[in-house]
Amino acid sequence: MSTSVRPKTKFRHSRLSARNREWIAGYLFVLPDALGLLVFLGLPMLLSLVLGLYDVDGFGAYRFVGMANYTKMMRDPLFWQSAKVTALYALMLVPLLYVCGLSLALLVQKTNRFNGVIRSMFFAPHMVSLIVVALVWQFLVVDKIGVLSRLTPALGLGGISFLGDPDYALFTVVAVSVWFLMGYYMLIFLGGLQDIPAMYYEAATMDGAGPIAKFWYITLPLLKPTSFFVIMISMVAAVAGSQAFDIIWVMTGGGPANSTSVLIVYIYQQAFSFGAFGYAAAMASILVISLMAMTGLMFLLTRGGRFSYE
Amino acid sequence: MARVEIENITKRYGHLEVVHGVSACIEDGEFVILVGPSGCGKSTLLRMIAGLEHISDGTISIDGEVVNDVAPKDRNIAMVFQNYALYPHMTVAQNMAFSLKLSGLGKDETRDKVGNAARILGLEKLLDRYPGQLSGGQRQRVAMGRAIVRDPEVFLFDEPLSNLDAKLRVQMRAEIKSLHQRLKTTTIYVTHDQVEAMTMADRIVVMRDGLIEQVGSPLDLYDEPANLFVAGFIGSPTMNFIEGAMEADIFRGTGGIECHSNLPAAFHGALVAGIRPDKIKLGKSGGPFEVLVVEPTGAETQVVVQSGDLQLVALVQGRVTYRPGESVGVTLDETAVHFFDARTEQRIEHLDRNLGSVSRQ
Ligand SMILES: Nc1ncnc2c1ncn2[C@@H]1O[C@H](COP(=O)(O)OP(=O)(O)OP(=O)(O)O)[C@@H](O)[C@H]1O
Ligand SMILES: [Mg+2]
């Protein structure tokens, strides 16, 4: 016999606490995206990991070869060349994008009509197909005909072959990549700058800080989460980004003398020019795994870009 | 230490004028409080003194030197912000040392100065913490420490206590006051809390809508408010206002209030009489007023009474036995009645207030 008179029916509809319901709603909202990522990214990644253990011939026959693709990779000088080019490309692109993106953001940070126009201008390349961008640049710098190629002798720089010379080609594609991507990073930095409360700058003004001191002691440290984000995504963009691929593929196709052959280009060639899908998949797996390791390490070292006092 | 002179200061944002030519003088070592309702231009004025806002018109001088075009850092002024604005990525010690570091002071000297300020403010144990790891009161103290390490000529405070709870506010009030007594640095302090103003200031500047309404010591403002606004703003609970007019030597107000006054009998216009709650005495019982609310606070009791349209707040010493709904008589202390011109809202000076109290039923 119970003396409890709690009206059970009244609360039946809320067997889930408000908090739990919110939690479930949150996950339901991200579910479509999560499923999309899983199906279109997770699954292919898993499949390519598996595919890397097979030898695939041009007629679609699969033969399990174990680690053969990986041992082949270790002995393949072109793989190592591409790995080196990838590293160089990323080592140049990431800092340049950081510096250029941040500089542009600082430059156009103050809101006025003039800066509004400049902001759109720097972001404009993103409105155009990347293929077109690459073609236009190729035209600008191509030997003999290109505008820039003709300009350099006039400037007394001698006839630099921007895309034809293995010593310059990588720098050229890095320059075009920076030019293309920096508007995007400028926007990210603008957002980050906006998140820094004005009161810190006022306090610094009272403390006697000039523009440079404010940048070093206020802006840069408080920009840490943005910096982390920018370095992370620019690293991924440099190593595995479709934009990097498009620019290089259209402008140089990896040449001359493999001087601009980043891994994604080499992988693409192996897969779609030579039909070595298994080998390409194995290289892609290595690429993804090392990228994950690098970003993971960075995440750990910087505590995910959070401030040390949080 | 320094004397700050504000002459005819105007501030415009575009076409919008928010401070309309105010003048004031803050003496060397004085603790002056700018007080007024939200949006009246207190912060704007303070920020112009700091150099954070451009001065549209007029001049501000510190120790005789016009500083309109002097950079904030060269004005030798320190400011404590409402939200403290402590640098979140620097420790307490680094926060306090920042201005010294920028000025190129040596390590040892910096450590001494920071240590000294920390000792004054009781922050020694917190020097290695980050602002995010401090309580509101501690942050407030760090913000003050950051200001005092620089040993400035002038301290500016913009509502420094408004983010603290009531108890801490009272405590910090005393601390700031004693800090001032110790350092004797000229201080300009902004608040919209008149209690803060009354308890801390040497002199109070009351502002409204970008204009200064009155300047004076707390008790001057309390005893002789220059107009209805100041009368209503200073003092808690607020002064009671009774509309009415003179008939011979008797003021007759709404709610059937009457009181003797030797106000110039020639004054014919509409009047507002002001009386502070503690200058109202409640009769035993029976009378034209009805008790609405009784609020005991311990030492004294606040009683709200009403007659017709007139509501009065009376502050009674000790405890009372009134019950809501009861009817009471009301007696004004006639020596303590202030008169204001209802049209201009300005105070009308009494010739003589030594009439003695006359009660009415
Ligand atoms: N940047 C600005 N642009 C336009 N108007 C402004 C600006 N800053 C302040 N004002 C206006 O100036 C007036 C005075 O503002 P101020 O901040 O000085 O008020 P305050 O007395 O400090 O009020 P509070 O007690 O709320 O802090 C307000 O009406 C405000 O709207
Ligand atoms: Mg303010």
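The values are calculated or read from the model by the stated rules, or taken from the named source; none is laboratory data. Just so it is clear, the structure is predicted and the values come from calculations on it, not from any experiment. Glycine also receives a Cβ, built like all others from the backbone with ideal geometry; neighbour counts cover every protein chain displayed. Heads up: the accessible areas ignore ligands, DNA and RNA and are worked out on the full protein's heavy atoms, side chains in. Shrake-Rupley method; radii C 1.70, N 1.55, O 1.52, S 1.80 Å.
Per-structure values
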read-out: The range B:118-174-the range B:22-55 distance, computed between alpha-carbon centres (Å); value: 21 Å
read-out: Residue-level accessible surface for residue B:10, protein heavy atoms, 1.4 Å, Å²; value: 20 Å²
read-out: Excluding exposed DSSP-loop chymotrypsin sites (Phe, Trp or Tyr not before Pro) (at most 15 other C-beta within 10 Å), longest clean stretch of chain A; value: A:60-273
read-out: Values of log10 I(q)/I(0), in the order q = 0.10 Å⁻¹, for the protein assembly as shown under a Debye, Cα-only, solvent-free model; value: -1.07
read-out: Spherically averaged projected area of the range B:180-282 from its Cα convex hull (nm²); value: 8.6 nm²
read-out: Accessible surface buried once B binds A (1.4 Å probe; total of both sides; Å²); value: 1900 Å²
read-out: Estimated FRET transfer efficiency (residue B:102, residue A:107; beta-carbon r; R0 30 Å; 0.05); value: 0.80
read-out: Simple spin-label estimate for residue A:257 and residue A:301 in nanometres, 7 Å along Cα-Cβ; value: 3.3 nm
read-out: Accessible surface of chain A, 1.4 Å probe, proportion on carbon and sulfur as whole %; value: 70 percent
read-out: Mean shadow area of the range B:237-354 over all directions, Cα convex hull, nm²; value: 7.3 nm²
read-out: Carbon + sulfur, % of accessible area of the range B:237-354 - ligands and nucleic acids excluded, 1.4 Å; value: 49 percent
read-out: Semi-axis lengths (Å, descending) of the ellipsoid that matches the C-alpha gyration tensor of the range B:4-231; value: 30, 21, 15
read-out: Relative contact order of the range B:1-146, defined on C-alpha pairs under 8 angstrom at six or more residues apart (%); value: 21 percent
read-out: Per-pair calculated FRET efficiency, R0 = 22 Å: residue B:238 and residue B:267 via Cβ, rounded to 0.05; value: 0.35
read-out: Largest-first ordering by accessible area, 1.4 Å probe, given options A:63, B:276; value: A:63, B:276
read-out: Extension gain (nm, one decimal) between residue B:53 and residue B:178, 0.36 nm per residue minus Cα-Cα; value: 42.0 nm
